[in-house]
Amino acid sequence: MTAPISPAPGSRTRWLLLAVVGLAQLMVVLDVTVVNIALPSAQRALGFTSADRQWVITAYALAFGSLLLLGGRLADLVGSRITFIVGLAGFAAASAVGGAANGFGMLVAARACQGAFAAVMAPSALSILTTTFSDPRERGKAFGVFGAIAGSGGAIGMLLGGVMTEYLSWRWTLYVNLVFAGLALVGATALLRRQPVVGRRRLDLPGALAVSGAMFCLVYGFSNAALHSWHSPSTYGFLVAGVVLLAVFVLRQLRAAAPLLPPRVVLDRNRGGAYLAMFIAGAGMFGTFLFVTYYLQNTLGFSPVAAGLAFLPMVVVLMLAAAVSQVVLMPRSGPRPLIGGGMLLVAAGMVWMTQISVHSGYASMILPPMILIAIGFGLVFSPALNTGTFGTAASDTGVASATINVAQQLGGSIGTALLNTVAAAATTGYLTAHLNGGAAPGGRPDTGLVQESLVRGYTVGFWWTAGIFAVGAVVCFGLLRSGPLQNPVATNASERQPQSGPELSRA
């Protein structure tokens, strides 16, 4: 295992480290969405087809999702400082190549490399935060900031992507990472200390191959479902393969002498509940951004910049809610009422969003439920991030951090595919049912009917999202423990001794 990398407890540099880690996390999260708005411009510039366009997004998601656990364990084996700096440098280089791309293949390859280096960097960032802030009060503040960034980065990415695409160039959605990564690299090399290696540990290579293959197949399968059909062999074939490989990985972890993901990390009730919460939040968050963005631009006629600005109040409220939940509420109540209650608030906001129509106003019908949803997300993200890494041994912080990212990434892939399919089916069904009465001359449906059909699809998607969060609230209320987090000293002590098998933490 490796020694903690944090500065001395009284050092002010830990707050500078929070800024460095937060900047890196913002870069990783916003890159999921920042390129989306720029895609039409990139397509025109590079001349690739609409069918190929989705690969610019999918390449990043595939590499990121499939390599996260491996990246987290590498951070535990060689030290978070090394993996964090390597991830930052590689991400910056890949972004530069993508921004200078002269063809489709070069752009997709650069996006895949971005995802791979993000998988190395993201677990290291959260691991650094976990080991740097050990005082409960300061830890709450730090995770409040980090959770706000994790929850709002997608919306910030859409705003930033719209501004740069409209006023600069689509290439700047990639070049901007050079600024973020450069600042973070300077801070990381100056503030992070070298980690002396206390002992040697082996990398579970079979486990790494199994879980990387499983995540690749699952993310690709769900991404393909969003593009094509659940009945396509390239959808269900990859999904079946992903489930099989995931089962192989679980069996391997139960038997391996040095597992990639020690079962003790996941089988703790609080940590398991936190990972589940991040999975559900990832599914709902990307669904929310997707439908609201389409509705604002395609139905209400917002420009990309205006659509991005429409999310700004949500970003501000989410950040405030995340900070309050960590600094004020978490020390008193613990994660259970915050995560469960936050999911109920998101579900209520989604039900409210189902009332939109073709002629709804932004201030009257879009902004209020978005504020409620932002409060709910703020109550979920920060407590889940804190809980998901709390009480882990120093040798497990990287892989615990990676598991949080895997949960969010996999949830986003599944949520996008599922909600996209549900909304598309609802749109088609509504259009077919009303086509005879709304056809324009020439047999094609008129614009009004098309818009009504689209809105119908969005509202059905919101209903499904509300149901997902309602079920998630019930499960998290039942799984998470009551009361503030307690540092499991005895558990950590036992982790330093050989164990005969995983144990499920008691209530």
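Each reported figure results from applying straightforward, stated rules to the coordinates on display, with no laboratory input. From a predicted model like this one, the values you see are computed outputs, not experimental measurements. Neighbour counts are summed over all protein chains in view; Cβ atoms, including those assigned to glycine, are modelled from backbone coordinates with ideal geometry.
Cα convex hull, the range 83-166: 96 Å³ per residue, rounded to a whole number.
A simple charge model with +1 on the Cβ of Lys and Arg, -1 on the Cβ of Asp and Glu and nothing else charged puts the dipole of the range 227-343 at about 480 debye relative to its Cα centre. Against the chain, whose longest principal axis comes from its Cα atoms, helix 367-389 is set at around 20 degrees. P(r) for the range 205-259, from all Cα pairs and a bin width of 10 Å, is 29, 42, 21, 7, 0 %, short bins first.
Would you work out the Kirkwood radius for the range 1-151? I mean one over the mean of 1/r across all pairs of different Cα atoms, in Å. For the range 1-151, the Kirkwood estimate is 16.3 Å. Compactness of the range 292-422 is given as radius of gyration and Dmax, 16.9, 55 Å, from Cα positions.
Extension gain for the segment residue 309 to residue 209, taken as residue separation times 0.36 nm less the Cα-Cα distance, is 31.8 nm to one decimal. Annotation: the range 273-333 has a Kirkwood hydrodynamic radius of 13.5 angstrom, from the mean reciprocal C-alpha pair distance. Computed on the chain, with alpha-carbon pairs under 8 angstrom and 6+ residues apart, the relative contact order is 22 percent.
The listed peptides 81-94, 296-309, 394-407, 133-146, ordered by packing as a protection proxy, come out as 394-407, 81-94, 133-146, 296-309 (highest mean of other Cβ atoms within 10 Å first).
Once R0 is set to 25 Å, what does the formula 1/(1 + (r/R0)^6) return for the Cβ-Cβ distance between residue 316 and residue 357, expressed as a FRET efficiency to the nearest 0.05? The pair residue 316/residue 357 has a calculated efficiency of 0.40.
Model label points for residue 254 and residue 169, set 7 angstrom from Cα along the Cα-to-Cβ axis, are 5.5 nm apart. Projecting the Cα atoms of 459, 110, 131 onto the dipole axis of the chain, where Lys and Arg carry +1 and Asp and Glu carry -1 at the beta carbon, places 131 farthest toward the positive end.
Rounded to the nearest 500, the 222 nm mean residue ellipticity of the chain from helices alone is -25500 deg cm²/dmol, with -39,500 (n - 2.57) taken per DSSP H run of at least 4 residues. Only Lys, Arg, Asp and Glu carry charge here, each on its Cβ (+1 for the first two, -1 for the last two); on that basis the range 4-118 has a dipole of about 200 debye about its Cα centre.
If you take the beta carbon distance between residue 298 and residue 231 as r and set R0 to 22 Å, what does 1/(1 + (r/R0)^6) give as a FRET efficiency, to the nearest 0.05? According to the calculation, E is roughly 0.25.
Taking all Cα pairs closer than 8 Å and separated by 6 or more residues, the relative contact order of the range 205-259 comes to 45 percent. If a spin label sat at a point 7 angstrom from the Cα of residue 447 along the line to its beta carbon, the backbone N atoms of the range 358-394 nearer than 15 Å would be those of 358-359.
For the chain, the share of alpha carbon pairs falling in successive 20 Å distance bins from zero is 24, 59, 17, 1 percent. Computed on the range 266-388, with alpha-carbon pairs under 8 angstrom and 6+ residues apart, the relative contact order is 41 percent. As a rough guide to protection, the peptides 416-428, 374-386, 357-369 ranked by mean Cβ packing within 10 Å, highest first, stand as 374-386, 416-428, 357-369. From the alpha carbon centroid of the range 82-144 to that of the range 38-60 is 23 Å. Packing here is the average count of other Cβ atoms within 10 Å per residue, and on that basis the peptides 28-38, 238-248, highest first, run 28-38, 238-248.
Relative to the Cα centre, the charge distribution of the chain, modelled as +1 at Lys and Arg Cβ and -1 at Asp and Glu Cβ, gives a dipole magnitude of about 1200 debye.
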